[in-house]
1. Go through segment 102-124 and report how many residues are assigned to a helix (DSSP H, G or I) and open to solvent by less than 40 Å² (accessible area, probe 1.4 Å).
2. Using beta carbons and a limit of 7 Å, which pairs, at least six apart or on different chains, have the first residue in segment 138-156 and farther than 11 Å from VAL107 by Cβ and at pLDDT below 95 and the second one basic (Lys, Arg) and not in a strand (DSSP E or B)?
3. List pairs: first in segment 210-236 and on the phi > 0 side of the Ramachandran plot, second crowded, with 17+ Cβ neighbours inside 10 Å and not aromatic (Phe, Trp, Tyr), Cβ under 8 Å, 6+ apart or cross-chain?
4. Does any residue in segment 162-175 that is over 11 Å from ASP129 (Cβ atoms) come within less than 8 Å, Cβ to Cβ, of a residue that is open to solvent by less than 20 Å² (accessible area, probe 1.4 Å) and at pLDDT below 65 six or more places away or on a different chain, and which pairs are these?
5. Give, as residue ranges, the strands (runs of 3 or more DSSP E) completely inside segment 144-237 that count at least 1 residues that are surrounded by 23 or more Cβ atoms within 10 Å (Cβ to Cβ) and hydroxyl-bearing (Ser, Thr, Tyr).
6. If you check ARG99 against the conditions, is it farther than 26 Å from VAL160 by Cα and either crowded, with 23+ Cβ neighbours inside 10 Å or not acidic (Asp, Glu) (or both)?
7. Can we say SER196 is under 14 Å from the mean Cα position of the chain (by Cα) and modelled with pLDDT under 95?
8. Evaluate segment 92-99: report whether one residue or more is assigned to a helix (DSSP H, G or I), at pLDDT 95 or above and polar (S, T, N, Q).
Amino acid sequence: MKLYPAIDIKGGRCVRLSQGMWDKATDYGDPLEMAQRWEADGAYYLHVIDLDAAFSGNFTNKNVIADLVQSVKVPVQMGGGVRTKEDIKIRLDEVGISRVILGTVAVDDPDLLEWALSRYGDRIVVGIDAKNGKVAIKGWVDATDVDAADFAVKMRDKGVSTVIYTDITKDGMMQGPNLEQTERIVKSTWMNLIASGGVSTLEDIRNVKGTGASGCVIGTALYDGAFTLKEAELAAK
């Protein structure tokens, strides 16, 4: 199972939010320094979220993220505020992101998703953010009645090969991931599923691997020193 150190960016800074709450942000410094740190520790891929764009739709952190991509050799997947063809083009063609994560737009605009898949193929990843098993959109603010596993099946049928499943209630809380829902989506789709949210111990990583997930995003636990990336990599093998 592959690990994806998370770099969440707000106001040009690397932060962690608790349960996606805007006013519960902990500042961890320069995103470029963090990217270089995780690369030096052996990261296979970086998981970058533009929180400002997720909430406002404006790509105000474009220069910071472009610099980050240029500063490391490992690939970067990125999400947050990707809602138009132009948003996708800028991130993939100009900024140099390896994979872009579509969240809200995958729910609201299936035509755009179809266009993106036809143009970029596996460079398009769909983020499934869920609360109580239901998909949430627009920076986790708006809940829907769409079942997360059912939505994953629809994405697979449209040609999406990778999804990132985040349980909002677990994110940043250091209380363990939602293993039941993660496994349910894996077994409903047999897609490449990257689990996100709640990993706080090495045992959590081993448990996520046991669900059949192909990857796992790790954030707060790394930043707070619960374990090192090297220790996490060993647990994921």
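The values are calculated or read from the model by the stated rules, or taken from the named source; none is laboratory data. Here the structure is a predicted model, which is why all the values come from computation and not from measurement. Neighbour counts run over all protein chains shown; Cβ positions are idealised from the backbone, glycine included. Remember, those area values only see protein heavy atoms, side chains included, never the ligands or the DNA or RNA. Shrake-Rupley method; radii C 1.70, N 1.55, O 1.52, S 1.80 Å.
1. So the first thing to find is which residues in segment 102-124 are assigned to a helix (DSSP H, G or I), and the list is 104-108, 110-123.
When the remaining residues are screened for being open to solvent by less than 40 Å² (accessible area, probe 1.4 Å), the result is 104-106, 112-113, 116-117, 120-121.
Residues in segment 102-124 being assigned to a helix (DSSP H, G or I) and open to solvent by less than 40 Å² (accessible area, probe 1.4 Å): 9 in total.
2. Between residues of segment 138-156 that are farther than 11 Å from VAL107 by Cβ and at pLDDT below 95 and residues that are basic (Lys, Arg) and not in a strand (DSSP E or B), the close pairs are ALA149/ARG184.
3. That search, which allows pairs on different chains as well, returns GLY212/GLU183; GLY212/VAL186; GLY212/LEU193.
4. GLY172/GLY20
5. Details: elements: 162-167, 192-196, 215-218.
Per the criteria, 162-167, 192-196.
6. On the way: farther than 26 Å from VAL160 by Cα: no; either crowded, with 23+ Cβ neighbours inside 10 Å or not acidic (Asp, Glu) (or both): yes.
Considered against the rule, which asks whether it is farther than 26 Å from VAL160 by Cα and either crowded, with 23+ Cβ neighbours inside 10 Å or not acidic (Asp, Glu) (or both), ARG99 comes out as no.
7. Values: under 14 Å from the mean Cα position of the chain (by Cα): yes; modelled with pLDDT under 95: yes.
Answer is yes for this residue.
8. Of all residues in segment 92-99, those assigned to a helix (DSSP H, G or I) come to 92-95.
Of the ones still in play, those that are also at pLDDT 95 or above are 92-95.
Restricting the remaining residues to those that are polar (S, T, N, Q) gives none.
No, the conditions are met nowhere in segment 92-99.
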